[in-house]
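Q: Here's a structure for you.
The values are calculated or read from the model by the stated rules, or taken from the named source; none is laboratory data. Keep in mind it's a predicted model, so treat the numbers as computed, not measured. Glycine gets a Cβ as well: all are built from the backbone with ideal geometry, and neighbour counts include every protein chain shown.
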Amino acid sequence: MTVFFATRGKPEFRANPNNGMIGLPDPFNTIIGFDGTDDVVNFLDGVERGEITKFAGHFTVETAFDPTLSQKEGEHVCFFQMPAPYDWPWEERRDEVIREVTALLDAHYEGFADSVLDCVLETPKSIEQRIPCMRRGSIKHGDYNPLQVGNNRPSVEMSSNRTGIRGLYLGGASVFPGGMVIGGSGYNAAYAICDDNDVKFPFERPDKVKKYLATYFPDGKD
Ligand SMILES: Cc1cc2nc3c(=O)[nH]c(=O)nc-3n(C[C@H](O)[C@H](O)[C@H](O)COP(=O)(O)OP(=O)(O)OC[C@H]3O[C@@H](n4cnc5c(N)ncnc54)[C@H](O)[C@@H]3O)c2cc1C
């Protein structure tokens with residue numbers, strides 16, 4: 001579940017020395033509302049049961065990193081996101097969700113509630129309506145459980161991006177290494193296509209991948 005906000009002014013942490021964030025550069029992602037590991041586990045257990053036990057999640061001010069996302073001087077866009085159940089009375093409780101999330105952010109960001117110009121709530125149901133392959137609002141195109149990650153994603157036969165159909169390759173979040181905006185599976189798919197067609201892969205490997213291969217495949221096997 002995501003609440004997107006447009007705000008007047010960039011959200012700034014409340015001047016509370018206890019949060020340890022004063023004077024630091026804008027964080028890309030800030031986790032708000034959890035009191036420790038047990039709290040996170042309880043929260044996720046609640047989501048599995050179809051409940052929202054509290055509002056807690058992560059928050060990003062995108063315009064702190066890409067000012068072109070706002071065409072109005074001094075106005076910003078930001079979003080709060082958290083795991084949430086699909087089967088939940090989203091329509092009836094829409095206003096309450098926005099109110100709770102705004103209050104949570106207001107508790108951490110100076111004058112946040114007063115700065116809100118507009119907001120949009122995207123629920124697991126509306127994500128599925130907008131992007132039908134995100135079934136039940138699964139933004140990573142499929143669950144992250146042991147049966148669906150690593151070489152099981154999407155299946156043992158196809159996690160190397162190749163399919164049973166010659167010339168057809170898979171990319172995207174539903175294939176190893178999974179979702180987020182990392183482009184990993186597309187990179188792997190492009191590599192497999194070049195490999196299968198005796199074409200030199202035209203890109204350098206990222207440094208982290210080079211280090212991984214040197215560590216785990218010192219004999220040069222890839
Ligand atoms: C609201 C929301 C917030 C998110 N927030 C984050 C975040 O903060 N950080 C993060 O890392 N990840 C986030 N994600 C997840 C991330 O966006 C996805 O994991 C990622 O975009 C998946 O990439 P993909 O290439 O597999 O699929 P997509 O980005 O969904 O791309 C699939 C593309 O295929 C096209 N397509 C579909 N069918 C066809 C067809 N038949 N013919 C031609 N084209 C077709 C679609 O139009 C689309 O352009 C978020 C997702 C959502 C919905």
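Q: Within the stretch 92-125, track down each residue that is under 18 Å from Gly50 (Cα atoms) and buried (at least 17 other Cβ atoms within 10 Å of the Cβ).
A: Residues satisfying the conditions are Val97, Glu122, Thr123, Pro124.
Q: If you don't mind, another one. I'd like the full set of residues that are surrounded by fewer than 14 Cβ atoms within 10 Å (Cβ to Cβ) and either in the same structural domain as Glu75 (by TED's automatic domain parsing) or among the charged types (D, E, K, R) (or both), limited to the stretch 148-171.
A: Correct list: Glu157, Arg166.
Q: Has the stretch 111-122 got any residue that is farther than 24 Å from Thr60 by Cα and of a type in the set (S, T, N, Q)? Talk me through it step by step, then tell me what you get.
A: First, pick out the residues of the stretch 111-122 that are farther than 24 Å from Thr60 by Cα: none.
Checking the stretch 111-122: not a single residue is farther than 24 Å from Thr60 by Cα and of a type in the set (S, T, N, Q).
Q: Regarding Thr215, is this residue more than 30 Å from Glu92 (Cα to Cα), among the β-branched types (Val, Ile, Thr), without any contact (Cβ under 8 Å) to a residue 60 or more places away in the chain and surrounded by fewer than 13 Cβ atoms within 10 Å (Cβ to Cβ)? So that I can check it myself, show each step before the final result.
A: On the way: more than 30 Å from Glu92 (Cα to Cα): yes; among the β-branched types (Val, Ile, Thr): yes; without any contact (Cβ under 8 Å) to a residue 60 or more places away in the chain: yes; surrounded by fewer than 13 Cβ atoms within 10 Å (Cβ to Cβ): yes.
Yes.
Q: Answer with yes or no whether Arg14 is among the basic types (Lys, Arg), at pLDDT below 95 and in contact with an Asp or Glu (Cβ under 8 Å, 6 or more places away or on another chain).
A: So Arg14 fits the description; yes.
Q: Do we have Pro89 as more than 16 Å from the ligand (Cβ to nearest atom), without any contact (Cβ under 8 Å) to a residue 12 or more places away in the chain, surrounded by fewer than 17 Cβ atoms within 10 Å (Cβ to Cβ) and not hydroxyl-bearing (Ser, Thr, Tyr) here?
A: Values: more than 16 Å from the ligand (Cβ to nearest atom): yes; without any contact (Cβ under 8 Å) to a residue 12 or more places away in the chain: yes; surrounded by fewer than 17 Cβ atoms within 10 Å (Cβ to Cβ): yes; not hydroxyl-bearing (Ser, Thr, Tyr): yes.
The answer is yes for Pro89.
Q: Could you figure out which of (1) within 13 Å of the ligand (Cβ to nearest atom); (2) more than 16 Å from Gly9 (Cβ to Cβ); (3) without any contact (Cβ under 8 Å) to a residue 40 or more places away in the chain; (4) not small (Gly, Ala, Ser) isn't true of Leu121?
A: (3)
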